[in-house]
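Structure incoming, see below.
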Amino acid sequence: MGDYPRWKDNFTDQLFKAVLLLKNEKECYSFFEDLITINEIKEFSQRFEVARMLRESFTYGEIAHKTGASSATISRIKKCLNYGADGYKLILGRLFGKKK
């Protein structure tokens with residue numbers, strides 16, 4: 001399968017194609033509210049903010065205080081930033097510009 005993860009299958013392909021069809025923030029809110037729970041949306045949002053803060057060199061303490069994330073969650077996201085598939089880096093770069 002090349003660069004694709006082991007969990008790639010027809011269902012995930014279909015889901016990602018659906019996400020790519022969303023045209024604006026309002027459509028994203030509607031789709032994700034139907035797809036996953038509000039708590040899951042909040043958890044994903046928290047993880048993304050943790051990744052942003054790690055990228056900006058905030059300390060674990062600062063990140064935990066602002067986001068409420070546990071040190072285990074922060075550590076896991078840091079590992080993804082350093083050794084993951086570069087998904088966080090890709091989107092953070094597009095959204096906030098390249099890291100200096």
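The values are calculated or read from the model by the stated rules, or taken from the named source; none is laboratory data. Since we're looking at a predicted model, the values are computed, not measured. For neighbour counting, all protein chains shown are included, and Cβ atoms are generated from backbone atoms with ideal geometry for every residue, glycine included. When the accessible area is computed, the model is the full protein with side chains, heavy atoms only, and any ligands, DNA or RNA have been set aside. Shrake-Rupley method; radii C 1.70, N 1.55, O 1.52, S 1.80 Å.
Give me the residue from the stretch 33-55 that is surrounded by 13 or more Cβ atoms within 10 Å (Cβ to Cβ) and not aliphatic (A, V, I, L, M) and, out of that set, farthest from Leu15 (Cα to Cα).
This residue is Arg55.
Something else about it: Give the residue, chosen from Ile77, Ile63, that is open to solvent by less than 60 Å² (accessible area, probe 1.4 Å), assigned to a helix (DSSP H, G or I), without any contact (Cβ under 8 Å) to a residue 24 or more places away in the chain and of a type outside the set (Lys, Arg). Show your work before the answer.
Numbers: Ile77 fails: without any contact (Cβ under 8 Å) to a residue 24 or more places away in the chain.
Sole residue among the options that is open to solvent by less than 60 Å² (accessible area, probe 1.4 Å), assigned to a helix (DSSP H, G or I), without any contact (Cβ under 8 Å) to a residue 24 or more places away in the chain and of a type outside the set (Lys, Arg): Ile63.
Now, a different point. Only one of (1) free of Cβ contacts under 8 Å to residues at least 24 places away in the same chain; (2) open to solvent by less than 80 Å² (accessible area, probe 1.4 Å); (3) part of a loop (DSSP other than H, G, I, E, B) fails for Asp13. Which number is that?
Failed condition: (3).
Let me ask something additional. Output the number of residues of the stretch 44-60 satisfying the condition of being free of Cβ contacts under 8 Å to residues at least 40 places away in the same chain and under 20 Å from Pro5 (Cβ atoms).
Residues flagged as free of Cβ contacts under 8 Å to residues at least 40 places away in the same chain and under 20 Å from Pro5 (Cβ atoms) within the stretch 44-60 amount to 2.
Restricting the search to the stretch 36-51, which residues are in contact with a helix residue (DSSP H, G or I) (Cβ under 7 Å, 6 or more places away or on another chain) and among the hydrophobic types (A, V, I, L, M, F, W, C)?
Ile41, Val50, Ala51
So, in the stretch 1-35, how many residues would count as being among the β-branched types (Val, Ile, Thr) and either in contact with a helix residue (DSSP H, G or I) (Cβ under 8 Å, 6 or more places away or on another chain) or closer than 16 Å to Leu95 by Cα (or both)?
Number of matching residues: 1.
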